[in-house]
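The next block holds one structure in the form of structure tokens; read it before the comments.
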Amino acid sequence: MTTLRTTHPLLALFAVMTLAVGCADDEEPIGDIGSEAGESEGGEAEGGEGEGGEELEACIETVTVLADPEATTPQGHRSGEILDLAVGARVLNFLGVASEEGVSVMTSAPAASSVDVAVAYDSGEIRYIDSVASDGSEAECSPRVEADVTLRVSSEDEFFDAEIEAVLIGQITEDSLEAPTLLHEAEDLAELGALELVEIKPADPSSLGFAISFSFAKDGVTGELGGTATYEDPGVDGDVIVSAHAFKLFAFSE
């Protein structure tokens with residue numbers, strides 16, 4: 001378990017989330033939750049300052065809405081490449097993920113072992129986001145292409161049964177436009193179908209969130225369902241010790 005002592009529990013959560021690795025119960029499975037930088041009204045996201053004027057790591061982002069999937073990025077990539085890889089229907093197998101250590105999460109058991117995953121694009125907005133580190137920041141920033149799509153996830157037993165408005169994201173590196181990914185965060189498993197949370201240990205987290213994600217590579221589609229459980233404990237001098245544990249429930253693959 002990784003802990004961080006701070007007077008700002010929210011900052012601690014984001015700092016710990018990428019470090020803490022959780023687990024699932026052997027009986028039933030259990031992805032990492034990611035977050036995007038916020039956007040200001042002018043289409044930019046800037047790093048703020050903590051108490052005492054210390055600058056937080058952040059990226060400055062500039063958003064450009066593209067005309068259509070044929071529009072190219074400044075790096076010369078056709079924006080619709082991410083749609084070419086993701087749009088369409090496929091059947092994925094899924095299974096529970098083995099436990100390690102940290103937090104144990106048990107769900108109801110599915111009767112099906114496969115799930116239908118379909119991504120649809122219907123003239124949604126396509127964006128190019130330029131992303132650079134703010135002055136003094138050590139953040140790793142990279143430009144990307146985003147497209148507004150619809151994700152449909154379903155199984156015969158209705159264990160999965162959801163239609164989601166989502167964002168497809170393709171990161172741009174020096175050499176290529178990488179395989180697009182899609183992430184949807186949910187406050188309750190019921191948003192994704194008939195899944196139910198049976199038990200979580202340690203009990204009574206201060207917050208609990210779930211996320212389903214997919215990666216659409218040329219050699220196949222993979223994904224996972226998981227989440228993050230956050231616990232708050234009193235520290236010294238009124239501080240709060242916050243520990244955040246990422247856990248995995250199910251893994252998807254073609």
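A few points about this structure:
- For A58, distant residues with modelled amide H under 5 Å away: S134, E138, A139
- Between D135 and D148, the distance separating the two model label sites (each 7 Å from Cα on the Cα→Cβ line) works out to 3.5 nm.
- Once the Cα gyration tensor of segment 194-254 is diagonalised, semi-axes √(5λ) in Å: 32, 14, 7
- Karplus-derived HN-Hα couplings along segment 61-72 (A = 6.51, B = -1.76, C = 1.60, θ = phi - 60°), whole Hz, x at Gly and Pro: 10, 10, 9, 10, 7, 8, 5, 6, x, 7, 5, 9
- Looking at segment 143-254, the accessible area is 46 square angstrom per residue; that uses a 1.4 Å probe and ignores ligands, DNA and RNA.
- Fraction of accessible area attributable to carbon and sulfur, segment 51-146 (%, probe 1.4 Å): 47
- When the convex hull of its Cα atoms is projected in every direction, mean area for segment 110-153 (nm²): 5.5
- Kirkwood-type hydrodynamic radius, segment 53-161: 17.6 Å, calculated from all non-identical alpha-carbon pairs.
- Protein-only accessible surface order, largest first, of I169, I129 at 1.4 Å: I169, I129
- Å³ per residue enclosed by the Cα convex hull of segment 97-249: 174
The values are calculated or read from the model by the stated rules, or taken from the named source; none is laboratory data. Quick caveat: nothing in here was measured; it's all calculated off a predicted structure. As a convention, Cβ positions derive from the backbone with ideal geometry for all residues, glycine included, and neighbour counts pool all protein chains shown. With ligands, DNA and RNA removed, areas are computed over all heavy atoms of the protein, side chains included. Shrake-Rupley method; radii C 1.70, N 1.55, O 1.52, S 1.80 Å.
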